Amino acid sequence: MTTALLAAIARSHDAAPAHAPVRSPLHALGRRQLSPIDLLGQSLSTIAPATGMVFIALWMSTYRPGIVGVAAIAGTTAVVVMVAVCIAQFTRRLAAAGSLYSFVGQGLGVRATLAVGAALVLGYLGISISVLAQAAHSLLTLGALVTGDGRPGTAAWLATIVLLAGVVGVVTVRGVRFATRSILVIESCSLALLVTLMIAAPVAATDAPSTVPDAPVSVLPFLAMLTVLSMAGFESAAFFGPESKRPLVTVTRTVLVSPIVVGALFVFAAWAAMSGRGAFVVDAYFEGTASGASAGVVFAVQFGMTCSWFASTLGCAQAGSRLLYSMGLEGVLPRRLSRVQPRFRTPHVAVVAFVAAGCAGASCYALAAHANSDTYDGVVEVGLVAAYTLVAAASLHFLSRIGESTVLTRVVAAFVTAVGTGLLVFIAVDSAVHRAWAVPLSIVAVGASGVVWRRVLQRVRPRSLDSVGVFDSVETTDLLPGSGTIVLDDSGRARIVADPHDPLAGGDAPR
């Protein structure tokens with residue numbers, strides 16, 4: 001940066017503005033503070049690839065679909081990458097704290113946007129509930145390994161859930177950079193540990209653990225569904241667009257790279273299971289020392305999984321709180337959710353609300369620990385698949401509206417929309433056949449949520465419907481001297497006009 005440019009920037013900070021300063025609607029979060037590493041840590045932690053690797057290895061070891069199973073996982077990863085391409089059409093052009101919720105607001109109507117909001121709350125809160133419960137249980141298992149006690153009871157499990165929820169809340173409110181870098185270190189250590197164990201494990205074709213339930217559908221569709229569920233949250237970096245440096249570049253790269261990296265790890269786990277190495281790690285996690293693994297190996301696996309579960313809980317709390325914050329800012333949800341802690345610049349009310357809901361749900365999850373979790377997973381998957389399907393459809397309309405649609409973007413968006421719709425139909429039919437009625441009912445609920453929510457808002461808070469889909473915008477402090485001045489027009493939108501105090505400017509004509 002030249003001396004003249006530095007001097008110009010310094011003068012811009014000292015000069016009195018010609019108009020009242022205009023700020024981004026998301027200014028309170030603290031703009032332009034997160035690096036690409038922070039965003040990558042957020043995405044990887046929410047996905048929790050270490051846990052996904054173990055469960056994919058579990059099912060590959062159980063049913064042994066061979067190379068066809070590996071191909072199914074790789075093919076599903078390719079579809080998720082296509083979803084990332086659709087999301088990238090928005091992240092290249094705008095930054096928003098609502099992620100897919102705000103993006104759909106730019107491509108489809110208010111009803112679809114509210115439906116995506118409901119789907120994302122269902123998906124992220126559902127993931128948070130399960131990973132918080134698993135983190136607490138895994139932590140107790142670690143303690144039992146150290147002390148030599150038996151399996152902990154339900155009371156201890158509930159107490160640990162509350163304790164971990166409190167830690168997650170404190171870390172999330174403490175600051176976004178502190179949280180993202182902490183979870184990146186945690187998840188990186190977990191991945192390194194599990195990958196090392198899978199590579200160094202002895203080759204042995206063992207039977208599946210006795211606790212494994214039957215697959216709800218045929219193995220290949222189930223592996224595809226499991227891969228989608230395990231990769232959920234890869235787009236969570238998009239919640240931090242306003243808070244990241246060069247958001248249109250760094251968020252886009254993170255959204256595109258995350259599913260590729262995680263997909264490669266899942267394919268590796270599938271290969272390790274197919275070759276007999278993955279079964280060693282799976283048995284050590286599910287059966288403990290009864291599998292024949294040493295206490296040290298069992299402790300290492302449990303430690304890695306505990307770290308991954310905890311990191312995922314943190315990632316969900318960070319992303320979910322931004323979603324609630326964005327909805328509160330628009331008035332779609334209570335406005336108190338948009339309050340920001342002045343020192344740490346985090347939406348502390350939204351964090352407390354999300355973590356409290358996750359803690360209550362995880363406690364219920366622990367009390368129903370012996371129930372079949374397939375239905376629960378199906379309901380969570382409904383929310384995720386619905387959100388991905390609608391954002392693909394929204395990208396198709398959005399690019400057509402702004403005149404930047406290409407053959408490639410149209411084909412990708414149409415393909416993802418068709419695949420997502422087909423997967424939702426498949427989930428509904430299969431769940432009905434197995435009498436898991438909660439899943440098709442959740443599809444109906446998500447589909448109707450946009451219509452119902454809009455009618456409610458029309459009655460109680462009609463002005464909020466005009467502000468749905470808020471995103472970050474340029475501020476007065478973002479402009480250098482001579483580049484113009486930001487003013488608000490009659491509709492409340494920011495416009496850059498010529499600076500009347502600039503001798504080279506020709507008045508207040510819009511630029």
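Values quoted throughout were computed directly from the atomic coordinates according to the rules given, and no laboratory measurement underlies them. Everything quoted here is computed from the prediction, not taken from an experiment. We place every Cβ from the backbone using ideal geometry, glycine too, and count neighbours over all the protein chains shown.
Worth pointing out:
- Cα centroid of region 253-331 to Cα centroid of region 440-469, whole Å: 34 Å
- Distance from the alpha carbon centroid of region 362-407 to that of region 58-91 works out to 16 angstrom.
- Along the axis of the charge dipole computed for region 17-477 (Cβ charges of +1 for Lys and Arg, -1 for Asp and Glu, origin at the Cα centre), the listed residues G143, T289, T250 are led at the positive end by T250.
- Stokes-Einstein D for region 17-477, Kirkwood Rh over Cα pairs, 10 °C, 1.306 mPa s (µm²/s): 71 µm²/s
- Nonlocal amide H pairs with L26, under 5 Å, H built at 1.01 Å: S473
- In sequence order, region 402-409 has phi-based couplings of 8, x, 10, 6, 10, 4, 4, 5 Hz under the Karplus curve 6.51 cos²θ - 1.76 cosθ + 1.60, θ = phi - 60°, and Gly or Pro positions carry x.
- Entry for region 326-377 at q = 0.14, 0.29, 0.30 Å⁻¹: log10 I(q)/I(0) = -0.53, -1.04, -1.08, Debye formula applied to identical alpha-carbon scatterers, no solvent contribution.
- By the beta-carbon count within 10 Å of each Cβ, the least crowded to most crowded order of T346, T421, fewest first, is T421, T346.
- Under-5 Å amide H pairs with T346, H placed in peptide plane, nonlocal only: Q341
- By the Kirkwood approach, averaging reciprocal distances over each pair of separate Cα atoms, region 90-193 gets a hydrodynamic radius of 16.7 Å.
- Amide H within-cut-off set for S244, under 5 Å, with H built and near neighbours excluded: R32, Q33, L34
- In Hz, Karplus ³J(HN,Hα) per residue of region 45-51 (6.51, -1.76, 1.60; θ = phi - 60°; x = Gly, Pro): 5, 5, 5, 6, x, 4, 5
- Proxy reagent accessibility, fewest Cβ within 10 Å first, across L114, L158: L158, L114
- Neighbour counts of other Cβ atoms within 10 Å put C316, C359 in the fewest-to-most order C359, C316.
- Karplus (6.51, -1.76, 1.60) ³J(HN,Hα), θ = phi - 60°, over region 415-425, in Hz, Gly and Pro reported as x: 5, 5, 4, 5, 5, x, 5, x, 5, 5, 5
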